[in-house]
1. For region 309-326, which residues satisfy the criterion of being not acidic (Asp, Glu) and not in a strand (DSSP E or B)?
2. How do the pairs read when you match residues in region 73-89 that are modelled with pLDDT of 95 or more and open to solvent by 30 Å² or more (accessible area, probe 1.4 Å) with residues anywhere that are of a type in the set (Gly, Ala, Ser) and not in a helix (DSSP H, G or I), using Cβ under 6 Å and keeping only pairs 6 or more apart or on different chains?
3. For region 493-536, which positions are of a type in the set (D, E, K, R) and either part of a helix (DSSP H, G or I) or closer than 18 Å to Tyr155 by Cβ (or both)?
4. Anything in region 240-271 that is open to solvent by 50 Å² or more (accessible area, probe 1.4 Å), in contact (Cβ under 8 Å) with a residue 24 or more places away in the chain and either assigned to a loop (DSSP other than H, G, I, E, B) or among the aliphatic types (A, V, I, L, M) (or both)? List them, or say none.
5. Contact list please: Cβ distance under 6 Å, first residue in region 203-232 and more than 19 Å from Ser177 (Cα to Cα), second residue modelled with pLDDT under 95, pairs at least six apart or on different chains.
6. For Ala208, work out the one condition from (1) open to solvent by less than 30 Å² (accessible area, probe 1.4 Å); (2) under 22 Å from the mean Cα position of the chain (by Cα) it doesn't fulfil.
7. Looking only at residues that are closer than 20 Å to Gln499 by Cβ and of a type in the set (A, V, I, L, M) in region 1-31, which one is most open to solvent (accessible area, probe 1.4 Å)?
8. Residue by residue through region 148-158, note down the ones that are assigned to a loop (DSSP other than H, G, I, E, B) and either modelled with pLDDT under 95 or open to solvent by less than 10 Å² (accessible area, probe 1.4 Å) (or both).
Amino acid sequence: MPTDCISYQESGYFSTLINDYLNEKPELKAFYNRFPNLENFKLQLEEKGKNFNGNKNDNDKLKRDVLVSVLEKQYQSIVASETTLNNIKLLNHLNTFTVTTGHQLNLFTGPLYFLYKIISTINLCKELKAEFPEDNFVPIYWMATEDHDFEEINYFTFKHKKISWNRESFGPVGRLSTDGLSDVLAVFESEIGLGKNAEYLKNLFKKAYLEHTNLADATRFLANELFAKEGLVIIDGDDADLKKLFIPYVKNELLHQTAFAKVNETIPLLEKYSVQVNPREINLFYIEDNLRERIVFENGKYAVLNTKLSFSEEEMLTEVNNHPEKFSPNVLMRPLYQEVILPNLCYIGGGGELAYWLELKSFFESQHVTFPILLLRNSVLLATEKQATKADKLLLTWRDLFLNQQALFTQKTKILSDFTIDFTVQKEALKKQFEDLYKIAETTDKSFLGAVKAQETKQIKGLENLEKRLLKAEKRVHQEHLNRIISLQNELFPNQSLQERKVNFSESFVEFGEELIEKLLTELKPLEMEFKVVVL
């Protein structure tokens, strides 16, 4: 194949906002701190180092002590690699910084891009270490344990079959019991077949979900098994000690609703793009094991929606001090929480995530917290050698396969045809013939001019219809070849959408085993910002 990558902008799968960000359009520069390149990481290091470590009033050493203590506690039941354990210890050093990605607790990792997010984060840390050897860089996976959108995470797809975990969920998903997942394992085992890699995946599922009592612990085990030797550090923000560090920001949100004001100032400035998230007046939830509801301020009281809980201002502030773990940031406050407790340089996310981060810079400035560099995660098209060979025989480039299916169908029909299916020459000739008629029309009655225009339009339209009919006829002639093209595209782009958003990693792992992750770790270059084709 002539190329193994395509720019995100050319792929056709990213929004105008993200394309403009990648193109560094001047009108977007006010919405982010620095664009992701090595030169800017040097500046980010200086700023974050000064703000996270240099202000004694901010208790930055305390933050690192608490962070390390919490991580050591969270890793007590995990067999972590020496690299990961060393990375946790390094977080106590003032010259250690993090690169962070976050993701929901999707069942068995959910879609493929779970892997791509984490590998982008790991590989960026390696690149930064090579560039700035005097500093340390730790890859962080922030588990979205406090989310409640269970329907978004309770399934994964294996070879077109949706394997679901059907149960009720009310509170934060990280606290959800793993009861019932033995039934899901039974379905998975019946689909995956035999072989060494299949056995590994069955055991991985079993150890993750049947030997851990809640979804957070299960997901931590799973991600650690896949990436521990790369030094990945997994963090669960649903922790009382971490939340204590965030108390001043929670109180500010309750008393002053700064996020609401600042994000609403930003949204009109992004009006040419579709807004990803609208702020609430209070961007906090109140959580317990089976409860996750919004906090609202009504009639001089703070109330928790759909409950009888109600607090005066003094009672609410006391509750924050005594039980910070009960206050959960929503999608717009979570980025601030993350950047307050981590010495973080960069957040790596998908297009939708970066879109809402771009709403937040002025809010961060109001809280005197450094805004991280925003990097679009790696996107990947996985293909087998057999599929690559098939594409070669069909005279397809990878760029061809990213085309809209109808556009691909038409383009290839025109190439396969023995003659040109393009009547542009005939249409131009016809227009020249009518030029003489227009000259005559200008010297005679105006009604004749109208008749000439009508006739020209009719004949141009006739040629266009003939062109369409000829194209249709040629599609029939080359139907067999075109069907092979479309069949290959459907394999690589299920339901004419990105493979990485539909397919679970197990589908490739069962065939290729550890080669899958090793090849991704070798080939993904996060700062190149290109849609990578990886052939297995």
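The values are calculated or read from the model by the stated rules, or taken from the named source; none is laboratory data. Just so we're clear, the structure is a prediction, and the values are computed from it rather than from any experiment. FYI the Cβ positions are ideal-geometry reconstructions off the backbone, even for glycines, and counts take in every protein chain you see. The area values use the complete protein model at the heavy-atom level, side chains included, leaving out ligands, DNA and RNA. Shrake-Rupley method; radii C 1.70, N 1.55, O 1.52, S 1.80 Å.
1. Of all residues in region 309-326, those not acidic (Asp, Glu) come to 309-312, 316-318, 320-324, 326.
Within region 309-326, Leu309, Ser312, Met316, Leu317, Thr318, Val320, Asn321, Asn322, His323, Pro324, Lys326 meet the criteria.
2. Short answer, once both residue conditions are applied: Thr83/Gly231.
3. At the first step, the residues of region 493-536 found to be of a type in the set (D, E, K, R) are 500-502, 507, 511, 514-515, 518-519, 523, 525, 528, 530, 532.
Answer for region 493-536, where residues must be of a type in the set (D, E, K, R) and either part of a helix (DSSP H, G or I) or closer than 18 Å to Tyr155 by Cβ (or both): Glu500, Arg501, Lys502, Glu507, Glu511, Glu515, Glu518, Lys519, Glu523, Glu528.
4. Start the filter on region 240-271 by keeping residues that are open to solvent by 50 Å² or more (accessible area, probe 1.4 Å), which leaves 241, 244, 248, 251, 255-257, 260, 262, 264-265, 268-269, 271.
Then keep just the ones that are in contact (Cβ under 8 Å) with a residue 24 or more places away in the chain; that gives 241, 244, 251, 255, 257, 262, 265, 269.
Scanning region 240-271 gives Leu255, Gln257, Leu269.
5. If the second residue must be modelled with pLDDT under 95, the pairs left are Asn224/Ile78.
6. (2)
7. At the first step, the residues of region 1-31 found to be closer than 20 Å to Gln499 by Cβ are 1, 3-15, 18.
Remaining after also requiring of a type in the set (A, V, I, L, M): 1, 6, 18.
Values: Met1: 66, Ile6: 6, Ile18: 2 Å².
Out of the qualifying residues, it is Met1.
8. Residues of region 148-158 that are assigned to a loop (DSSP other than H, G, I, E, B), as a first pass: 148-149, 154.
Result: His148, Asp149.
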